[in-house]
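Step one of this worksheet: look at the structure below.
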Amino acid sequence: MIIRQEQPSDYDEVYELVKKAFATSTNEGEWDYLNEVRKKGTFIPELSLVAENDDGQLVGQIVLYKTEITTSAGVYTELLLSPISVHPQFFRRGIARAMMKEAFQIAKEMGYKAIFLCGEPSFYHKFSFKPTYEFGIFHVADKNKNAEWCMALELISGALLGKAGTINIQ
């Protein structure tokens, strides 16, 4: 398997891949969401990756893009992971893990310190993501301030210390 930067020529195949990966999900439209992400100023091409199997078929994709955390001291930028997809025929083969490892390493080399996401806690806890409330960061829609589905991963230990605030991610 090869993990490489996504190219515009991959967009149609990635669209179909994401559609298949989310076919049974309640997150309808995730495939359209990715197309919208690519149009935003927060999109970082170097952090939009695909996984290709030995036959050259795209079997996975991941994208990290800029997001803002608002604190009493101001606003700072980190990364949001959304979406990550694996073709259903290739589930449970370590593709998601490999893509995250590669994307997170590139992000760290680019100077980013943390990754945020909204997702299924039982899946992402396996990758050391923790609820953002453990860092004093709350999703704006989290009225009870205990959302397990809004998570963060520090790329550098202690990166989120003292950065309490709010985040507004979809």
Shape parameters for segment 2-167, alpha-carbon atoms, Rg then Dmax in Å: 15.7, 51
Proximal aspartates and glutamates to LYS126, defined as alpha-carbon separation beneath 16 angstrom and excluding residues fewer than eight positions away on the same chain: GLU148, GLU154
Gaussian network model of the chain, springs between alpha carbon atoms under 10 Å - residue of ALA98, ALA114, ALA141 with greatest fluctuation: ALA141
Residues of segment 63-92 with amide N under 11 Å of the 7 Å Cα→Cβ point at TYR15: none
Charge dipole (the chain, unit charges on Cβ, about Cα centre) - positive-most of ASN144, HIS125, PRO88: ASN144
With Cα atoms, 0 to 90° folded angle of helix 30-39 axis to the chain main axis: 70
The chain - mean residue ellipticity at 222 nm from DSSP helices (-39,500 (n - 2.57) per run, n ≥ 4, rounded to 500): -7000 deg cm²/dmol
Relative contact order of the chain, defined on C-alpha pairs under 8 angstrom at six or more residues apart (%): 20
Surrounding net charge for GLN61, when Lys and Arg each add one and Asp and Glu each subtract one, Cβ distance under 9 Å: -2
Amide H partners (placed H, <5 Å) of ILE169, local residues excluded: VAL140
Helix 95-109 vs. the chain, principal-axis angle (Cα, 0 to 90°, nearest 10): 50
Dipole-positive endmost among GLY56, GLN105, VAL75 within the chain (Cβ charges, Cα centre): VAL75
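All of the numbers you see were taken from the coordinates with simple rules; none came from a lab. Computed from a predicted structure; not experimentally measured. Glycine gets a Cβ as well: all are built from the backbone with ideal geometry, and neighbour counts include every protein chain shown.
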